Every structure is written in structure tokens, then in C-alpha cells.
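The next block holds one structure in the form of C-alpha cells; read it before the comments.
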Amino acid sequence: MTNFKWWQTSIIYQIYPRSFQDSNNDGIGDIPGIIKRLDYLREIGIKSIWISPFYPSPMKDFGYDISDYKGIHPIFGIMKDFDRLLDEAHKRDIKIIIDLVPNHTSDQHPWFLESRKSKDNPYRDYYIWKDSKKNGKEPNNWLSYFGGSAWEWDRETQQYYLHQFVKEQPDLNYANPKVLKEILDIIDFWLAKGVDGFRVDVICNMWKHPDFPNNPKNPKWTKKLPPFEKYLMKYNVNQPEVHAIVRKMRKVLDKYKDRVLIGETYLPYKGLLEFYGNNDECHLPFNFHLLGVKWKAPAIKKKVNDYEKILPENCWPSYVLGNHDQKRIATKIGSEKQARIANMLLLTLRGSPTVYYGEEICMKNVKIPKSLIQDPPALNQPDVADIVGRDPERTPMQWDDSPNAGFSAKGVKTWLPLAKDYKTNNVEIQKTQSNSMLALFKSLTKLRSEYSCLNSGKYKYIPTAQKDIFAYLRYDKNNTILVVLNFSQKFFKLDLSKKLPEKNGKLLLASDLEEHHSTQLSSLNIKAHLGLIIEIE
Ligand code: GLC
């Protein structure tokens, strides 16, 4: 695997720092906590972590509202802790990817504090200020992702400013070249420190149509969808000019060796491809298509095959099954057995998989009582809190069965409640169970490290007569591996002998971690919810 970059062959493990490990018993996770768990990550085969924001922030959007891009929020530690994290991670051959939030700052960022002082303040133009319409209304119909209008009236200076998220997250103005210069300087600051890359938050939203036209209505909107989807985000998302910004970011990365630029790109495949640029934009525009898809084999096959078809050779694939904004996979699918298939799929497809913390032990969404809700979109829109709230997927990591699950000490009030099942579902217990999700996860990562074809080999779809089965090959000059996944509760007898002339195979791994499964390619017994990984000999 020597020709491949680390970000092509490693799994990206996302840590939401508030919820991973609390080291000072304030009920909130922190950087020393992450350091404490590096050995665990190493043990389960993780070689790169992406950490959600840890910068100084008033926490109106839990760190995605940054007031100092070059600091560390005291909740999470101090800069020395971060330097130690880099050091300790690198010692263990683990890369550190950090979150860059260039679309907006906190309203408490010094730039915005200046900007709102007066219309002629030198920082005024760092943000997007507009006059009201003649009738006093907002400049256009753009909606905030977190509820209500995307415009906030500033009484002092008698103008509206744009905020695509909470009103305390004003959007930066990239039409002002000084803004990009500031952000590039921030990128350089962290790269010089030694971080291995960035995940760029809402990368598609940085540029807005210069005329700020109204967005068109979404004819497909129903009450089951978040309110912001009432309008199609035609003029505030994915404007062609955004690519020039991304190229400038990439240029800074390219001054350093082996760094990665990842984009948060909720886009159709065609738009996603554009974010690779000409190998001069993102190395990995996140592919979120498996998040939105119905958990049925035909839909998943189509998503994967369409992606494989459209991706040019020099664009490296990415797959994501969960993050801090999305329902946990077992909750979304409603089945722990299928969650095993999900992990098997994610870790055997071609490309770089991203795993959200806790998915390796099958954590589930936790119902948060109304009085404990923290997430701004849910607080702002109580009627649709169940649709838009993200607290349920952000609960503390379940390490063991001690009070507070080894996340915080006994008696501490954790920032979000723990899952009720943490005493029976946690890392320590799963370490002792030979057929746990954790055991499966570790076997999968081990296979990936042993078989280069799983990491960097090619992908070939194997059509079968069963619509509920997804079968594919991963192969390179060393090995060929067949993956067969049953997305249903039905039993199938599969005959793959016409597709694969080889008669037999060697079982490398089954999703139930049993070893008795037959590997005769003319009659594979695939029981309900079973996944098999077979080396073709
Ligand atoms: C991204 C983040 C999300 C955050 C938003 C605003 O979508 O993933 O958590 O709330 O941007 O920064």
C-alpha cells in the first residue's frame, strides 16, 4: 500500500469532543480525555481522527460558533493539551484532522464585535449586511437552517446581517478578499503546528449569489421535513464561485507534506465531483449519500454503483454512515443486526470510510427529555424538535458500566444524559464478548490492514437474482475478496458460480462472527441479516 496516502487507507473516526471522555469531571469531554483514549483507538484499528471544534466559543452551536480560531476553549483544555494530543497521537501513528468553520464566526468574535459597531467600521465588510426592504422586511426569503429567517435586524446600525445558522453565527463575507486572507492564515497556523488536515464545515455555503435573490419554493416540502427545506437553497448554497475559495485553501495545504482537505458536501454526485476540482480542491468531499438512503439493498446498490460509475480514477471515494448531525445508524435502520451489515458495508467499500464515535459499539440515539434539550435547532423549533434535534446522537460515550459509564466520575451531571442501556452496552463489556459489535469492528479493521485490496483495491459489483443481497468484489494484484451482504430477514441460497468461475473461497469474516459458514460459491447459505467476507482462491 505504499503508493497510497494515509488518508486513502485509514478509517476516519469522528470525535465529538464534548461527549468522548471527560478528564476533569465537569460533565463535558475534553482534550486530555481524548489523549487518555488514544490507546483504545489504536487498539480498534483507527489511524486518523477528526475532532469537532474545540476552539473558544460561546457554545451557541456547541463550538461551531467560534470566537477565536487560534485558541482552545478552557472547557476542552489549553493549547499545551492540544500540542500533547498531536504528539501522543503521532507517536501512535494516528493522524489528527481538525474542524475548520470558515462560513461563519460567533457574534462574539472580535471581527463581528467591530463590524456591528458602525457602518463605516473597517470590519463592517467582513460580514454580510443589507438594508431592509422598503417595507422594513428582510432583504430576501432565505431561511436559517436552525429556524426562522436567515436575517437578523441590528437596531444600532439599522441593517440586517445574514446568519445561515443561529443568529449568533453571522456569515462571513467572502466577497471581501480580506476575509479569505484571515482564514488562510488560520489554516496555516494549524498546519504549522502539525495538524494533518481539516474537515471544512458547510464548505458549499461560503459564497452567496451577489444579487441575493429569493430562493424558490420547494414543491416537495412536507411537514415531515425540517422547516428550512420549504425553499430550495438555490442562491446561498453551491455557487460556482465557491471553488476559487476552496482552491486557495488547498494551496495552503499543499505547502505542507501529506495533509488532507475534507469538505462537508451535502450534494448530488455531480456537485460532489466538482469539489475535487482538478486535484486542486478537496481530497475528500464527504459522500453523504448513504445517510439519506432508505436502508434497502436496491437503493444502496444504486447509490454505490452510481458513485463508482461517476468517479474519475483520480478522485478518491468517501463514505459516511453517521456524524454529529445525523441519526445513529442502528436507530435509523431500527435493527442492531442491520447495523452490523452497515459497518461491514462501510469498511469494505472502496475509499475512505468515516465512522462516528460509538458506532463501533452500536450506540443508539437517546431520547432527550424536553427539559434537557440543548441543541439550538430543537430549542428554536420545539414543534419539530424530533425532526431537527441533534442531541440524541451526541450523548456521552459508553466506556464501561460504572456510574456515568466511565465518561465522567460518579455523581457528575453529564452535559447530555447517558443512554439507559450503557450498563449492558459499553466498550468494556463488548471487549469480553466474542460476538459483539466491537469484536466485529475490530475484525473488520484488522482485515483492512491485512488485505490491501480492501483498502485500495478495485470494486466490482456482482449482480445476483436476489434484490435484497448486495454482493461485490474488492481486488488487487494480491487478492480478491467477495463481500455478500443480506439486507433483509430472509434466507437465501446463492449460486455465484456463473459469475465467479472459482469454486471455493476462504471465509475471512462473517457478521455474526461464526466460523461455520460454507464458502462454496455455487451454494452460499445466506441467513437473515448475514454478511460474509470471502477470499476467492
Ligand atoms: C455543520 C455542522 C453542524 C453545525 C453547522 C453550523 O453542518 O456539522 O453541526 O451546526 O455546520 O456550523
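Only one of these is buried (at least 20 other Cβ atoms within 10 Å of the Cβ), within 16 Å of the ligand (Cβ to nearest atom) and outside any loop (DSSP other than H, G, I, E, B): PRO377, PRO353. Name it. Please lay out each step first, then the result.
Details: PRO353 fails: within 16 Å of the ligand (Cβ to nearest atom).
Exactly one residue qualifies, and that residue is PRO377.
Tell me, which strands (runs of 3 or more DSSP E) lie completely within the stretch 452-493 with 1 or more residues that are assigned by TED's automatic domain parsing to the domain that holds GLY351, free of Cβ contacts under 8 Å to residues at least 12 places away in the same chain and farther than 20 Å from PRO353 by Cα?
none
Condition check: more than 20 Å from ASP39 (Cα to Cα) and either within 16 Å of the ligand (Cβ to nearest atom) or surrounded by fewer than 20 Cβ atoms within 10 Å (Cβ to Cβ) (or both). Does ASP400 satisfy that?
Criteria not met by ASP400.
Just need a number here: residues in the stretch 425-440 that are in contact (Cβ under 8 Å) with a residue 12 or more places away in the chain and farther than 18 Å from PHE20 by Cα.
Adding up the residues that qualify gives 6.
Taking the condition among the aliphatic types (A, V, I, L, M), within 30 Å of THR424 (Cβ to Cβ) and either surrounded by fewer than 21 Cβ atoms within 10 Å (Cβ to Cβ) or within 16 Å of the chain's Cα centre (by Cα) (or both), does LEU347 pass?
Spelling it out, LEU347 is indeed among the aliphatic types (A, V, I, L, M), within 30 Å of THR424 (Cβ to Cβ) and either surrounded by fewer than 21 Cβ atoms within 10 Å (Cβ to Cβ) or within 16 Å of the chain's Cα centre (by Cα) (or both).
Residues of the stretch 162-181 being within 22 Å of LYS230 (Cα to Cα) and in contact with a Ser or Thr (Cβ under 8 Å, 6 or more places away or on another chain), which ones?
Listed by number, the residues that qualify are HIS163, GLN164, PHE165, VAL166, LYS167, GLN169, PRO170.
Check whether at least one residue in the stretch 393-401 is at pLDDT 95 or above and assigned to a helix (DSSP H, G or I), and report yes or no.
yes
State all residues of the stretch 153-171 that are in contact with a His (Cβ under 6 Å, 6 or more places away or on another chain) and either of a type in the set (Lys, Arg) or part of a strand (DSSP E or B) (or both); if no residue qualifies, say none.
Within the stretch 153-171, just ASP171 meets the criteria.
Please go through the stretch 136-152 and pick out each residue that is more than 19 Å from PHE112 (Cβ to Cβ) and not in a loop (DSSP other than H, G, I, E, B).
Answer for the stretch 136-152, where residues must be more than 19 Å from PHE112 (Cβ to Cβ) and not in a loop (DSSP other than H, G, I, E, B): just LEU143.
Of the residues SER434, SER443, which single one is over 23 Å from SER352 (Cβ atoms) and surrounded by fewer than 22 Cβ atoms within 10 Å (Cβ to Cβ)?
From the options SER434, SER443, the qualifying one is SER434.
Could you tell me whether any residue of the stretch 201-209 is touching a helix residue (DSSP H, G or I) at 6+ places or on another chain (Cβ under 6 Å) and among the aliphatic types (A, V, I, L, M)?
Looking through the stretch 201-209, at least one residue is touching a helix residue (DSSP H, G or I) at 6+ places or on another chain (Cβ under 6 Å) and among the aliphatic types (A, V, I, L, M).
Do the conditions hold for ILE96, that is, is it in contact (Cβ under 8 Å) with a residue 24 or more places away in the chain, assigned by TED's automatic domain parsing to the domain that holds MET206, in a strand (DSSP E or B) and more than 16 Å from the ligand (Cβ to nearest atom)?
Spelling it out, ILE96 is indeed in contact (Cβ under 8 Å) with a residue 24 or more places away in the chain, assigned by TED's automatic domain parsing to the domain that holds MET206, in a strand (DSSP E or B) and more than 16 Å from the ligand (Cβ to nearest atom).
Any chance the stretch 118-135 includes a residue that's surrounded by 15 or more Cβ atoms within 10 Å (Cβ to Cβ), in a strand (DSSP E or B) and either on the phi > 0 side of the Ramachandran plot or more than 16 Å from the ligand (Cβ to nearest atom) (or both)?
Yes, the conditions are met somewhere in the stretch 118-135.
The values are calculated or read from the model by the stated rules, or taken from the named source; none is laboratory data. Note that the coordinates shown come from a computational prediction; the quantities given were computed from them, not determined experimentally. Cβ coordinates were reconstructed from backbone atoms using ideal geometry, including for glycine residues, and neighbour counts include every protein chain displayed.
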